Amino acid sequence: MLWFKHDSTANQDAKLKKLKIRYGMEGYGLYWYLVELIVSDIDEGNLTFSLEHDSELISHDTGINQHQVEEMMRYMVELNLFEVNSGLITCMKLLKRLDLSMTSNAKMRGLISKAKANNHDAVMTQSCVSHDSVMQEEKRREEKRIEKSKYPDFVISDNEKKLFDYRKEIKKPVKTKAGLTGLKNSIIQTAEAWSVDIDTVMDYMMQEEWQSIKPDYSNPFSNQQKATTHQTAYKEKPLNLRGSGAKAAGMIQ
């Protein structure tokens, strides 16, 4: 679809106001950008109202940090601005914004009419959701609120949470974004210097109960790497079968 209906009072919507309170106009702008992406994919072969772009693409296109994109999208789902169906972000409320005047394509008009009728049945079914399901959803939201209160705003990714929890456990908590960034950079630089992955460096640092780690620390994996290199070279060394036929045959046997 090339366009969709957009109310001039949309900014007064309570859910969008909450989004702006938490993430400012960046969050508000991202919401409408996601809606535009979903609408642009609607055609005769696609009436799923699903978002095809992932957080990496959206981050690239908008210039917003990927972790921030993911965090804002999760909050939008929590506010019911979007839904998650089979692992995909959807916006089924967009169906209400579609009407027959938006297209002259007869087939598309028929699909819109059918989709609206089916959506009515789905809404009626959804309104009869069991009390247990409602309680489970409330429990899930409460768990999210508890997790969010556990970490400051600058702790976003799983690795950052892991580092934050570790430093708190050894009673050397990370108190600022700059401190966390410095710790992460040291781990990345050490991984590059030691030629191992980041998780290996983090696990080793925690095993030794160090506050941090630096590239100039002694590499505990160097002997292992040399052994692996030697074994690979030995396996790949070709047999020398040159010489007399008798010698060659003897080697093969």
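All of the numbers you see were taken from the coordinates with simple rules; none came from a lab. Everything numeric here is computed off the predicted structure, so don't read it as measured data.
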HN-Hα J couplings of segment 55-71 from phi, Karplus 6.51/-1.76/1.60, θ = phi - 60°, integer Hz, Gly and Pro as x?
5, 5, 5, 5, 4, 4, 6, 9, x, 8, 3, 4, 5, 5, 4, 5, 5
Enumerate the calculated ³J(HN,Hα) couplings along segment 189-198 in order (Karplus 6.51 cos²θ - 1.76 cosθ + 1.60, θ = phi - 60°), each rounded to whole Hz, writing x wherever the residue is Gly or Pro.
5, 5, 4, 5, 5, 8, 6, 10, 7, 4
Once amide H atoms are built 1.01 Å from N in the peptide plane, which residues 5 or more positions from I89, or in another chain, come under 5 Å H to H?
L51
Out-of-range pairs (alpha-carbon distance over 23 Å; input K161/K184; K20/K161; K150/K177; K15/K93; K175/K214; K20/K93)
K20/K161
